[in-house]
Each structure stands twice: as structure tokens, then as C-alpha cells.
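Okay, so here's the structure we're looking at.
The values are calculated or read from the model by the stated rules, or taken from the named source; none is laboratory data. All values reported here derive from a predicted model rather than from experimental measurement. Cβ placement follows ideal geometry from the backbone for every residue including glycine, while neighbour counts extend to all protein chains displayed. Areas reflect the complete protein model, heavy atoms only, side chains present, ligands, DNA and RNA absent. Shrake-Rupley method; radii C 1.70, N 1.55, O 1.52, S 1.80 Å.
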Amino acid sequence: MKIGIFGGTFNPPHKGHVRAAGECVRTLDLDKLLVIPDSNPPHKELAEPSPDEQARLELTKLAFSGVKRAHVSDMEIRRGGVSYTVDTLRRVREKFPDARIYLLMGADMLMCFEEWREFREIISMATLAAFARRDGEENAVERAAADLRNKYNASVRVVGVDALEASSTDVRRLLPERRGRELLTDETYSLIIKHRWYGAKPEFEWLRKKAYAMLEPKRVAHVKGCEEEAVRLARRWGADVEKAREAAILHDITKKEKLDEQLRLCAKYGILLDEVERGEGKLLHSKTGAGIARYEFGCDEEVCGAIYWHTTGKEDMGLLEKVIYMADYIEPNRDFDGVDKLRRAAYENIDRALEMGFRMSIEDMVSRGIVPHERTMGALQWITKG
Ligand code: ATP
């Protein structure tokens, strides 16, 4: 039986790790690859901000889920403290006394191998399987391998990997800049965004794709228009443009859901409803949309507030709430009597535009025999007084 061990901090695991692991399973014909996130790495400090070890474990499971014969083990995390490979190898050796063990590592780890705790003991228990992390590094890996063979009679295999130049450090640097998604698997990226680990913010193209997939196709143009308008309004009135984009992209994501699904989502996200809302699916989509924005896309309170109040409005609206309410009302695809006047007003005095908007929407509802929501009535009173 051939067992590979691939240890690392995986903070977070990226496609470079996954690709190297897959190549090693194939090239070495491993029966099993144990992927083992460490508890505390011996070679470096855990970068700040990093999620806890259970989160790294979860991410690692997701990242390697597509690698054949790979199993993610929590043995080092359970052991706690500084994770020394020699201890892990002893455990694996005990469990699989007859197995041939390959210890996988990238070039950087091979180069500093003589600094590892009890490295001679490690060599006596395992074959080192090393690979380049970037193009052009192959010769250096071969030299380091030859050196270890000559000096210590170590068994070292150099595995040819189509290297992907990536490091967790790069990923952690890029994620807060809404970049780096291409270095991660889809599943790990989604989970990181959901929790906003590493201060990650979603790439807008990714967020749009996710949001549009949740819409009826005919609504996509409206959401695009709303984003465009929200950005313009945010710039005009000094709101946070990136937050305006996030809120506008996500504001209608549950619009197509029927009342029973809306109610299910309200229960799931702990959204409390009044009598009117319980019977009217249309009023619920802003609240359930905010729930998904919060719990699935990790949006902050301000963004979620803007989504939550975009249908009824309310008293004491904040700037981003005003921007999203207005953008939804006047985006370029909207066409109704008075829309041009409302558009002009939105850029001259956003509060007067809101007042006009609330009034128009109340009049429209009354003319159609619908009782306007008391929040909208309250919003009109509040903005009129202000
Ligand atoms: P950091 O940037 O935080 O130092 P890292 O990207 O080096 O992290 P680790 O979790 O420390 O990732 O690495 C685990 C193992 O994966 C090590 O053996 C490392 O050499 C290897 N490795 C890391 N990145 C790559 C890559 N792009 N290609 C192949 N192997 C890699």
C-alpha cells in the first residue's frame, strides 16, 4: 500500500496545493493521500487575520474534495500545539506498519528540510516527494534532492508538476481587494466569501453571476440598471460606491420566490414579520434578500439594511438605504409618468426625490386598491418633516 502525506497550513488551501496533490496521486500511484492541516505551523506564524483551525479544516476538505483518493485528516488539529511532521509520521506508521509512505512537499519545504525537527527520523520513515512551486524551479528541486540523497541516503522522488504559481500569502493579500478568486476552487471561494474570512470581499463579476442565476431572466436588465444608477447616486452623494454595488447586485435575488418559499426563508434567517407581510410575498423579497446577502454572501449591516428597506422604505433611512431605494426606482429601464422629474430630483436633492417617490408609490397603490405599508407612510412623514 502506498500512502501520501501532504501537510500544510492551508491558510487558505489554493489551486496550487490541489494541483500538486492530484499530480502526486497519479504519478506515485498512491492508494491514499492524507491531507493534514496543521494546528500551529513550526515554520511560520499564522497570518492575521486568519479564521480558526476548524475553518481551515473545512476549507481544506472542500478544496481537496475533487482529488481522487485524498482524505483530509484532523489529526494535527486534534493533537494541538505546534505540529511536527515527525510526530504525524509516527502515528501514520503505527496505523499502517507495512505501507510505503511518501511525504509530499513543495520546493520551499524541501530546501529547508534539514531544519525540520528530527529530519533524519523522517527520512527513515518516508520517501520525500518534492515538486516545484513555479516554472523554472525544477533544477533547484533536483539539486536539493540530490544533496539529501548524497548526505543522508534519503529516498527522494522529484515529481513533475505543472506548477501553478500561487501561495496562500498571495491569496490573503488579494481577497480584500476583490481579487484572487482564480487561485481558489469555487467551493472554497464561496465559503470564504460567506464568512468574509481574511477580510475577503467578493469579486463583482462573481457576485453578478451568482445573483443573476437567482433571477428570472427578464429581471437581469433591471438589476444591471439598478447597479449603474446606484453607483452614480453613491458618487453624487458620497455613499460607499462598493457597498452600493453589492447592495444593488443582490437587492432582488429572492424576487421570483413564491410566498411559501419567502416564509421558509424568513424562518431560516429569523426574520420577524407583521400581519401585512405574512400575507404578501412581494413585500418579503427585500427581507429575505437581505437574509441571503447576510448569511450566504457575508454582506455587512449597511449593505443588508439597504436591501432590507428597498421596497417599503422607513423612517430614519441612512444614505446607502436612500441610494438603493432611489436607484431601484429610477434606474434607466424604468419608464413611467414622472420618472424624468424624479431622476432630476434624485441628483439635485435626494431627500426631495425620496419624498416624491414615497408619494408616487403611495398614490399608485391607493389607485390600485392596495393599502400602502405603514412603513412607507412613516417614511413619507419623516422625509417631509426633515
Ligand atoms: P503561505 O503563503 O501562507 O506561506 P503556502 O502557499 O506556502 O502558504 P502551505 O500551506 O504553507 O502554503 O503549504 C503546504 C505545502 O504545499 C508545502 O509543502 C508547500 O511547499 C506546498 N505548496 C504551496 N504552494 C504550492 C504551489 N503553488 N504549488 C505546489 N506546492 C505548493
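Return the loop-located trypsin sites (Lys or Arg not before Pro) in segment 1-63 (DSSP other than H, G, I, E, B) with at most 12 other Cβ atoms within 10 Å of their own Cβ; answer none if there are none.
Passing both the DSSP loop test and the Cβ count: Lys44.
If R₀ is 22 angstrom, what is the calculated FRET efficiency for the pair Val86 and Glu165, using the beta carbon separation as r and rounding to 0.05?
Calculated transfer efficiency: 0.15.
Please get the size of the charge dipole for the chain, origin at its Cα centre, with Cβ charges of +1 on Lys and Arg and -1 on Asp and Glu, quoted in debye to the nearest 20.
Once rounded to the nearest 20, the dipole reads 720 debye.
Quick one: which residues, 5 or more positions from Leu184 or on another chain, have an amide H under 5 Å from its amide H? H modelled 1.01 Å from N in the peptide plane, none for Pro or chain starts.
Amide H neighbours of Leu184, under 5 Å, 5+ apart: Lys15.
Taking only C-alpha pairs under 8 Å that are 6+ residues apart, what is the relative contact order of segment 268-373 in percent?
17 percent
How high is the FRET efficiency between Leu273 and Arg117 when r is their beta carbon distance and R₀ equals 41 Å, given to the nearest 0.05?
Once the sixth-power term is evaluated, E becomes 0.10.
Among Ala20, Cys299, Ser361, whose Cα sits farthest toward the positive end of the charge dipole of the chain (+1 at Cβ of Lys/Arg, -1 at Cβ of Asp/Glu, about the Cα centre)?
Towards the positive end, the residue furthest out is Ala20.
Over segment 191-250, what is the mean sequence separation of C-alpha contacts under 8 Å (at least six apart), divided by residue count, expressed as relative contact order in percent?
Relative contact order here is 31 percent.
For segment 30-72, give the percent of accessible area contributed by carbon and sulfur heavy atoms, probe 1.4 Å, rounded to a whole number.
That share works out to 44 percent.
Under 8 Å for C-alpha pairs, at least 6 residues apart: give me the relative contact order for the chain, rounded to a whole percent.
Computed value for the chain: 13 percent relative contact order.
As a test, work out the antiparallel percent of DSSP beta bridges whose residues both lie in segment 81-228, rounded to the nearest 5.
So the antiparallel bridges amount to about 0 percent of the total.
In the chain, which longest range has no GluC sites (Glu not before Pro) that are both DSSP loop (not H, G, I, E or B) and surrounded by at most 16 other Cβ atoms within 10 Å?
It works out to 166-279.
Separation between the Asn333 and Arg134 pseudo-spin-labels, each 7 Å from Cα along Cα→Cβ, expressed in nm?
Going by the 7 Å Cα→Cβ label model, 4.4 nm.
Calculate what fraction, in whole %, of the accessible area of segment 179-307 sits on carbon and sulfur atoms when a 1.4 Å probe is rolled over the protein chains.
51 percent
Let me spell out the model: positive unit charges on the Cβ of Lys and Arg, negative unit charges on the Cβ of Asp and Glu, origin at the Cα centre of segment 80-191. What dipole size does that give, in debye rounded to 20?
Using Cβ point charges on Lys, Arg, Asp and Glu, segment 80-191 gives about 300 debye.
What number comes out for the charge environment of Thr311, summing +1 per Lys or Arg and -1 per Asp or Glu over other residues with Cβ under 12 Å away?
Combined, the nearby Lys, Arg, Asp and Glu give 0.
Considering only DSSP beta bridges with both partners in the chain, what is the antiparallel share in %, to the nearest 5?
0 percent
From the Cα gyration tensor of segment 265-333, with a ≥ b ≥ c the square roots of its eigenvalues, which class applies: rounded if a/c is under 1.5, or else prolate if a/b is larger than b/c, or else oblate?
oblate
Taking the solvent-accessible surface of protein heavy atoms with a 1.4 Å probe, what is the per residue accessible area of the chain in Å²?
Per residue, the chain has an accessible area of 48 Å².
Which whole-Hz ³J(HN,Hα) couplings does segment 43-49 yield from phi under the Karplus relation 6.51 cos²θ - 1.76 cosθ + 1.60, θ = phi - 60°, glycine and proline marked x?
With coefficients 6.51, -1.76 and 1.60, one gets 8, 7, 7, 5, 5, 9, x Hz.
Under the 0.36 nm per residue contour assumption, what length would be gained going from the current alpha-carbon distance of Ala213 and Met1 to full extension?
Full extension of this stretch gives 71.8 nm more.
Would you mind checking which residues have amide H under 5 Å from Ala132's amide H? H placed 1.01 Å from N; only 5 or more apart, or other chain.
Val161
Place a +1 charge on the Cβ of each Lys and Arg in segment 217-385 and a -1 charge on the Cβ of each Asp and Glu, then give the dipole magnitude about the Cα centre in debye, rounded to the nearest 20.
So the dipole magnitude of segment 217-385 works out to roughly 320 debye.
For the pairs Lys322/Lys385; Lys218/Lys322; Lys201/Lys314; Lys224/Lys314; Lys243/Lys314, flag any whose C-alpha to C-alpha distance is greater than 23 Å.
Distance filter (> 23 Å) returns Lys218/Lys322; Lys201/Lys314; Lys224/Lys314.
Around Glu355, what is the net charge, scoring Lys/Arg as +1 and Asp/Glu as -1 over all other residues with Cβ under 12 Å from its Cβ?
After counting each charged neighbour, the total is +3.
Per DSSP H run of n ≥ 4, the term is -39500 (n - 2.57); total these for the chain, divide by its residue number, and report the mean residue ellipticity at 222 nm rounded to 500 deg cm²/dmol.
-16500 deg cm²/dmol
Going by amide H atoms built from the backbone, whose H comes under 5 Å of the H on Gly8, apart from near neighbours?
When sequence neighbours closer than 5 places are left aside, the close amide H contacts are Ile36, Asp38.
How many nm separate the modelled label positions at Asp351 and Arg26, each set 7 Å beyond the Cα in the direction of the Cβ?
Reported label-point gap for Asp351 and Arg26 is 6.5 nm.
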